[in-house]
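A.B. asks: Can you read through this structure? Questions will come right after.
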Amino acid sequence: PGGNTVTDIDGNIYSTVVIGTQEWMQENLKTTHYKNGAVIPNNLTDAQWLATTSGACADYNNNPANTTVYGKLYNWYAVADPQGLCPTGWHEPEDWEWNVLVKTIDPNADTTCIGSQSTIAGGAMKEIGTTHWASPNTGATNSSGFTGLPGGYRFNIGTYDYIGLSGHWWSATQSSTTNAYNRNLYYSSSNGYRGSNSKTSGFSVRCVRD
């Protein structure tokens, strides 16, 4: 399933895929503007990244070539901003919407835990091969069509790591005053993971259709 596209306010065009009852972007978000046209601050210094409680985005290692492949990294404040990060008709997925996705892939998945929700969902969500994922890219089949990429992340202190090794995607749902839920995939595992990380971390974003 799939074959549709959606265009963000910057003119970036994304393939989409239908997975069960949901339609997801098949690529990571790249926009530098909220849907109302307001600019999202980009590539803050490490100190600025750590200090801000407003929306911000970054190119991994401040290199736009990484964004071309893996999309931008956003702090959670950008995801939660009422100006809207996702294109019109789409939205930032809540934690429960990620759970629906994981349950569609694996009906036996644990949607309450922090940690591994499923031993197979990760493989079903990862792009196959080692063009982008480090070897061995364990269990990768991309049978869901999600085509998850290892965009790495920006630590809350501002530094970057793990491109090629892991992919991390925000949900719009807080887990505490300082943290929010996210989903994680790793090159060395077929598991799909649910995490709770600092809102000042920089993760990838996927959008889901309203």
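The values are calculated or read from the model by the stated rules, or taken from the named source; none is laboratory data. Bear in mind the structure is a predicted one, so any value in this text is a computation, not a measurement. FYI the Cβ positions are ideal-geometry reconstructions off the backbone, even for glycines, and counts take in every protein chain you see. Please note that ligands, DNA and RNA were not included when accessible areas were found on the heavy atoms of the full protein model with its side chains. Shrake-Rupley method; radii C 1.70, N 1.55, O 1.52, S 1.80 Å.
A.B. asks: I need the shape label for segment 70-166. Rule: rounded when a/c is under 1.5, else prolate if a/b > b/c, else oblate, with a, b, c from the alpha carbon gyration tensor.
C.D. replies: Oblate, because a/c is 1.5 or more while a/b does not exceed b/c.
A.B. asks: Summarise the accessible area of segment 14-116 (1.4 Å probe, protein heavy atoms) by the percent that is carbon and sulfur.
C.D. replies: Whole-percent figure for carbon plus sulfur exposure: 53.
A.B. asks: Now, a different point. Debye calculation, C-alpha points only, no solvent: report log10 I(q)/I(0) for segment 113-210 at q = 0.12, 0.16, 0.18, 0.22 Å⁻¹, in the same order as the q values.
C.D. replies: -0.36, -0.64, -0.80, -1.13
A.B. asks: Can you tell me the orientation of helix 95-105 relative to the chain, as the angle in degrees between its alpha-carbon axis and the longest Cα principal axis, to the nearest 10?
C.D. replies: Between helix and principal axis, roughly 30 degrees.
A.B. asks: Using the scaling law 2.2 N^0.38 Å as the reference, what is the normalised Cα Rg of segment 49-113?
C.D. replies: Relative to the 2.2 N^0.38 Å estimate, segment 49-113 comes out at 1.40.
A.B. asks: List the cysteines in the chain whose Cβ has no other cysteine Cβ under 4.7 Å from it.
C.D. replies: Cys57, Cys113 - these cysteines have no disulfide-compatible partner (Cβ-Cβ under 4.7 Å) in the chain.
A.B. asks: Given the C-alpha centroids of segment 192-210 and segment 40-62, what is the distance between them in whole angstrom?
C.D. replies: The distance from the Cα centre of segment 192-210 to that of segment 40-62 comes to 16 Å.
A.B. asks: Something else: So for the chain, taking the charge dipole from beta-carbon charges (+1 Lys/Arg, -1 Asp/Glu), which of Cys57, Ser188, Trp98 sits furthest toward the positive end?
C.D. replies: Going by the charge dipole, the pick is Ser188.
A.B. asks: Let me ask you something else. Percent of Cα-Cα pairs more than 28 Å apart in the chain, please.
C.D. replies: Summing the P(r) of the chain above 28 Å gives 18 percent of all pairs.
A.B. asks: Could I ask something else about it? Would you mind calculating the relative contact order of segment 8-52 from Cα pairs under 8 angstrom and at least 6 residues apart, reporting the percent as a whole number?
C.D. replies: Contact order relative to length: 31 percent.
A.B. asks: Give me the extension gain from Thr141 to Ser176: residue separation times 0.36 nm, minus the current Cα-Cα distance, reported in nm with one decimal.
C.D. replies: 9.2 nm
A.B. asks: I need the Debye-formula profile for segment 1-106: one equal scatterer per C-alpha, no solvent, reported as log10 I(q)/I(0) at q = 0.12 1/Å, two decimals.
C.D. replies: Result of the Debye calculation: -0.44.
A.B. asks: Further, regarding this structure: Which stretch or stretches of segment 139-165 have amide N atoms under 17 Å from the point lying 7 Å from Asn61's Cα along the Cα→Cβ direction?
C.D. replies: Answer for segment 139-165: 150-155, 158-165.
A.B. asks: Would you calculate, for the chain, the mean residue ellipticity at 222 nm contributed by helices, counting each DSSP H stretch of 4 or more residues as -39,500 (n - 2.57) and dividing by all residues, to the nearest 500?
C.D. replies: About -4000 deg cm²/dmol.
A.B. asks: May I pose another question? Relative contact order of segment 60-210: what whole-number percent is it, with Cα pairs under 8 angstrom and at least 6 residues apart?
C.D. replies: About 30 percent, as a whole number.
A.B. asks: May I ask you to rank Ile128, Ile163, Ile19 by accessible area, largest first, using a 1.4 Å probe over the protein chains only?
C.D. replies: The residues order as Ile128, Ile163, Ile19, largest area first.
A.B. asks: Rounded to the nearest 5, what % of the DSSP beta bridges within the chain are antiparallel ones?
C.D. replies: 90 percent
A.B. asks: On to the next question. Accessible area per residue, 1.4 Å probe, Å², for the chain: what's the number?
C.D. replies: Solvent-accessible surface per residue comes out at 40 Å².
A.B. asks: Output the antiparallel fraction of DSSP beta bridges having both residues in segment 144-208, as a percent to the nearest 5.
C.D. replies: Beta bridges within segment 144-208, antiparallel portion: roughly 95 percent.
A.B. asks: Let me ask something additional. Over all distinct Cα pairs, what is the inverse of the mean 1/r for segment 9-52, reported as the Kirkwood hydrodynamic radius in Å?
C.D. replies: Kirkwood radius, segment 9-52: 12.9 Å.
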